[in-house]
Amino acid sequence: MHRRDMLHLRHDGTSVVLDLGSSLPTILWWGADLGEVDDAELRDIATASIPQRASGGLDDHAPLTLLPQHADGWFGSPGLRGHRPSGLAFSPALRTTDVETTNDAHGAGVVVRAADPAAALAAEIRLAIGAGGVVTSTIDLRNAGDDDYTLDALAVSLPLPPSAREILDTTGRHLHERSPQRHAFTIGTHERSSHKGRPGADATLLLVAGEPGFGFERGMAHAMHVGWSGDHVVRAEKRVTGETLLMGGELLGSGEIVLAPGESYTTPTVYGTWGDGLNALSARLHEHIRARPSHPSRPRPVTLNTWEAVYFDQNFAGLAELAAVAADMGAERFVLDDGWFRGRRDDTTSLGDWYVDETVWPEGLRPLADHVRSLGLEFGLWFEPEMVSLDSDVARAHPDWMLAVAGRTPLPGRQQYVLDVANPAVSAYLLERIDSLVEELDIAYIKWDHNRDVVDGASSTTGRAGVHAATRALYDLFDELRRRHPGLEIESCASGGARVDLGILERTDRVWTSDCIDPIERLDIQRYTGLLLPPELMGEHVSGPTSHSTGRTLGLDLRAAGAVFGHFGVEWDVREASAEERAHLGDWISAHKRWRDRLHTAQTVHVDVTDPAVDVRGAVSPDGSWGLFALTQVTTGVGHPPGRFTLAGLDPDRRYTVRVPEPLPRVLGPGQSPLPWAESGVTLTGRTLMSVGLQRPILFPQHSILIELATD
């Protein structure tokens, strides 16, 4: 056996072992830290991974390299597909030319350079382990030839252990995003892709593969996320030859990326995480995200958004009163939603005409903005810059500004169409309009909406597929606005949660998790969005008593308990609330402010309950000294009284004082005697709370309690 060059990357509890002896490096291990491993053992890991020759197969087994290629005998999905004119250079054979490693306090990484002189292609593959032990990877492909190279696909691959035999992903729709689905991981390919110009309400934020039955508390699992805000694809693949992998990247349209001589294309960043249980897997991602320089550093302001309060019924007197009531309850930000701009009296017209409507606001928006700030609130404004209505001055003057195939108008969605932000005239117009209003009104916050999927996404300047260029141009627009206004915060809203990804969140400060604010519906929506995002990046608002999206009428404590962990806000015409309701909501806002610094640095945990009638979730501080949990009685259960429940994520050796905190009442439900631990509090170790547990209260369905845990 010849000597093999090996590389062991380690950081924050994660190891990646690379065999450099193949055409391109092969990952032999990705997962738990292996500790100090000497060179001899690393080489033996490689030797122990070499299969025998099998009948009916190739003489040399094709390894799963960082960029699997058909030319190496890889019969799974290739990492690179493309060609030169007349279909030439369709099967590249890139070979390593150079390997460079990095290792510092921020992480460990490798840069692999490779080339195929015959195909005239060069690649640079970057892989790193960063904060939280999350693996990130990109691939840059350069055309080193004298003619064009059409790129059809370029994707990052990460291997999975043999234990990965079950897949978890999510699907959904508008008002019901992030619905989980599981199935066996059998031989073949499970692919989830977006062709909508954005990830979509049905997109899976993570593709997870793990041990059969893995849950939130236990069960080894690995996951992949593609940090891209346009079309994307992610696959879980198991080969008959034993290899199992995750693969992800941008989904390119036909002829969308044609590299001229010397030009390059770089994939979106792909993120890989793992853990014993989804809580641990998610905690790695949250730590990684929180370590970004762009991550919000100040407490998340309590926000009142006007949409479900007034819809298009805008006037100074009503909104000034709404802002005053919000400020009196403790809100810190006031966001004026859709309906403020020229001609916008309903959702059928005027998108694109980003001028203040003089008929509604004869003195402009400055009086309202000044009034809001005089109350101690920040002022925010809603835009939907990437969209246009046919009935608008912009569309009449510039019908050629849309993403559209020449000769036909795309199918409408929500009576609107999509602008081509990659058209320099479009981006210049949008930048001038938004920049002017931010400057004039001293806007602190933009709610940036995107309310339809893209159909016929052709460039307005070239006629070719244009989603890639439009997405890059959108990023550039965000970057320039943030450069001009360093304190400006932006929310990514897309029919609710249809554009939730770490590409958009490099440039925005939170996402609107869903247009559905019903706290029962939000249980799964927030649980599975939270697999990727920490709670401070998720807009979680208190709705009015009757949900506008489900028609359910629910109590204030349930509505507030469902929002208190995230970026807390209110979506309710609180002018119509009673004095008692206003005071109680004010108590919830005060409680959130008391907790938010700890909530927004804590580890999110979900308990694998045995009774589907309840939901138990919480947040535990990094040092394990404090925790806040919510128990929600979703439906009526069979048990009566209902037995015990346990908690998760605690320090087993710490002693916690357990109590039901204000502003919840002491009487928790229809039980005919007090619940002793909730009445007087108890002190128990984390080990006891995670194994023996607490007696569940008897609650009416669709009611919640909070449980606060503190140590001395």
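The values are calculated or read from the model by the stated rules, or taken from the named source; none is laboratory data. Since the model is a prediction, treat every value here as computed from it, not as a measurement. Cβ: placed from backbone, ideal geometry, glycine included. Neighbour counts: every protein chain shown. For accessibility, only protein heavy atoms count, side chains too; no ligands or nucleic acids. Shrake-Rupley method; radii C 1.70, N 1.55, O 1.52, S 1.80 Å.
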TODO: Output the residues belonging to the range 457-474 that are among the small types (Gly, Ala, Ser), closer than 10 Å to GLY253 by Cα and in a loop (DSSP other than H, G, I, E, B).
DONE: GLY457, GLY466
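Per-residue answers, yes or no, for (1) over 19 Å from the mean Cα position of the chain (by Cα); (2) buried (at least 23 other Cβ atoms within 10 Å of the Cβ):
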{"position": "GLU237", "(1), (2)": "yes, no"}
{"position": "VAL258", "(1), (2)": "yes, no"}
{"position": "TYR265", "(1), (2)": "yes, no"}
{"position": "THR269", "(1), (2)": "no, no"}
{"position": "GLY272", "(1), (2)": "no, yes"}
{"position": "ASP328", "(1), (2)": "yes, no"}
{"position": "GLY343", "(1), (2)": "yes, no"}
Task: the range 286-298, subset touching a residue at least 40 places away in the same chain (Cβ under 8 Å) and loosely packed, with under 14 Cβ neighbours inside 10 Å, residue nearest to ILE589 (Cα to Cα) - done: SER294
TODO: Go through the residues of the range 328-342 one by one and say whether even a single one is assigned to a helix (DSSP H, G or I), at pLDDT 95 or above and out of contact with any helix residue (DSSP H, G or I) (no Cβ under 6 Å at 6 or more places or on another chain).
DONE: yes
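To keep it simple, each residue is scored yes or no on (1) within 16 Å of HIS371 (Cβ to Cβ); (2) hydrophobic (A, V, I, L, M, F, W, C); (3) touching a Pro at 6+ places or on another chain (Cβ under 9 Å).
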position	(1), (2), (3)
ALA291	no, yes, no
VAL302	no, yes, no
ASN305	no, no, no
TYR311	no, no, no
PHE316	yes, yes, yes
GLU321	yes, no, no
ALA327	yes, yes, no
ALA331	yes, yes, yes
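Please find, within the range 142-173, the residue that is most open to solvent (accessible area, probe 1.4 Å) out of those that are more than 25 Å from GLU237 (Cα to Cα), of a type outside the set (Gly, Ala, Ser) and out of contact with any Asp or Glu (no Cβ under 8 Å at 6 or more places or on another chain).
Here is the first cut: in the range 142-173, the residues more than 25 Å from GLU237 (Cα to Cα) are 142-150, 173.
Subset that is of a type outside the set (Gly, Ala, Ser): 142-143, 146-150, 173.
Filter once more, keeping what is out of contact with any Asp or Glu (no Cβ under 8 Å at 6 or more places or on another chain): 146-150.
Numbers: ASP146: 153, ASP147: 65, ASP148: 70, TYR149: 0, THR150: 27 Å².
This residue is ASP146.
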Task: For ARG594: the one exception among (1) buried (at least 17 other Cβ atoms within 10 Å of the Cβ); (2) without any contact (Cβ under 8 Å) to a residue 24 or more places away in the chain; (3) not polar (S, T, N, Q) - done: (1)
Open item on the list: Which count do you get for residues in the range 354-369 that are open to solvent by 50 Å² or more (accessible area, probe 1.4 Å) and under 25 Å from LEU431 (Cβ atoms)?
Closed with: 3
TODO: Please specify each residue of the range 98-110 satisfying the condition of being modelled with pLDDT of 95 or more, open to solvent by 10 Å² or more (accessible area, probe 1.4 Å) and among the aliphatic types (A, V, I, L, M).
DONE: VAL99
Open item on the list: I'm told GLY130 meets every condition in (1) under 20 Å from TRP30 (Cβ atoms); (2) open to solvent by 20 Å² or more (accessible area, probe 1.4 Å) except one. Can you identify the failing condition by its number?
Closed with: (2)
TODO: Look through SER55, SER15 and report the one residue that is of a type in the set (Ser, Thr, Tyr) and open to solvent by less than 20 Å² (accessible area, probe 1.4 Å).
DONE: SER15
Open item on the list: For the range 223-235, check the following and say yes or no: at least one residue is over 29 Å from SER547 (Cβ atoms), among the basic types (Lys, Arg) and in contact with a strand residue (DSSP E or B) (Cβ under 7 Å, 6 or more places away or on another chain).
Closed with: yes
Open item on the list: Step by step: first the residues of the range 394-408, then only those that are modelled with pLDDT of 95 or more and open to solvent by 80 Å² or more (accessible area, probe 1.4 Å), then the one that is farthest from the chain's Cα centre (by Cα). Which residue is that?
Closed with: ARG396
Task: Test: residue in the range 86-97 that is of a type outside the set (Lys, Arg), open to solvent by 80 Å² or more (accessible area, probe 1.4 Å) and at pLDDT below 95 - done: no
- [ ] Filter the range 532-546 down to residues that are in a loop (DSSP other than H, G, I, E, B) and open to solvent by less than 10 Å² (accessible area, probe 1.4 Å) and give me whichever is farthest from THR303 (Cα to Cα).
- [x] LEU532
- [ ] Mind listing just one residue for me: the one in the range 461-510 that is over 21 Å from the mean Cα position of the chain (by Cα) and basic (Lys, Arg) and, of those, surrounded by the fewest Cβ atoms within 10 Å (Cβ to Cβ)?
- [x] ARG483
TODO: Only residues that are hydrophobic (A, V, I, L, M, F, W, C), in contact with a helix residue (DSSP H, G or I) (Cβ under 8 Å, 6 or more places away or on another chain) and open to solvent by 10 Å² or more (accessible area, probe 1.4 Å): list them for the range 444-460, please.
DONE: VAL454
- [ ] Out of the residues in the range 643-662 that are farther than 19 Å from ARG696 by Cα and more than 30 Å from the chain's Cα centre (by Cα), state the one that is most open to solvent (accessible area, probe 1.4 Å).
- [x] ARG655
Task: HIS176 within 24 Å of the chain's Cα centre (by Cα) and surrounded by fewer than 16 Cβ atoms within 10 Å (Cβ to Cβ) - done: no
TODO: Being modelled with pLDDT under 95 and of a type in the set (D, E, K, R) is the filter; apply it to the range 1-27 and report the residue that is farthest from the chain's Cα centre (by Cα).
DONE: ARG3
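To keep it simple, each residue is scored yes or no on (1) assigned to a loop (DSSP other than H, G, I, E, B); (2) in contact (Cβ under 8 Å) with a residue 24 or more places away in the chain; (3) within 26 Å of ARG472 (Cβ to Cβ).
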position	(1), (2), (3)
THR186	yes, yes, no
GLY197	yes, yes, yes
ALA203	yes, yes, yes
GLU217	yes, yes, no
HIS225	no, yes, yes
- [ ] Report, by residue number, each residue of the range 343-375 that is among the charged types (D, E, K, R), in contact with a strand residue (DSSP E or B) (Cβ under 7 Å, 6 or more places away or on another chain) and not in a loop (DSSP other than H, G, I, E, B).
- [x] ARG373
TODO: Kindly provide the set of residues from the range 628-642 that are open to solvent by 30 Å² or more (accessible area, probe 1.4 Å), touching a strand residue (DSSP E or B) at 6+ places or on another chain (Cβ under 9 Å) and not hydrophobic (A, V, I, L, M, F, W, C), ordered by number.
DONE: THR635, GLY637, PRO641
- [ ] For the range 284-319, enumerate the residues that are within 14 Å of GLY380 (Cα to Cα) and part of a helix (DSSP H, G or I).
- [x] TRP307, LEU319
TODO: State all residues of the range 188-235 that are out of contact with any Gly (no Cβ under 8 Å at 6 or more places or on another chain) and polar (S, T, N, Q); if no residue qualifies, say none.
DONE: SER193, THR204
Open item on the list: Criterion first (surrounded by 17 or more Cβ atoms within 10 Å (Cβ to Cβ) and in contact with a Leu (Cβ under 8 Å, 6 or more places away or on another chain)) does LEU351 satisfy it?
Closed with: no
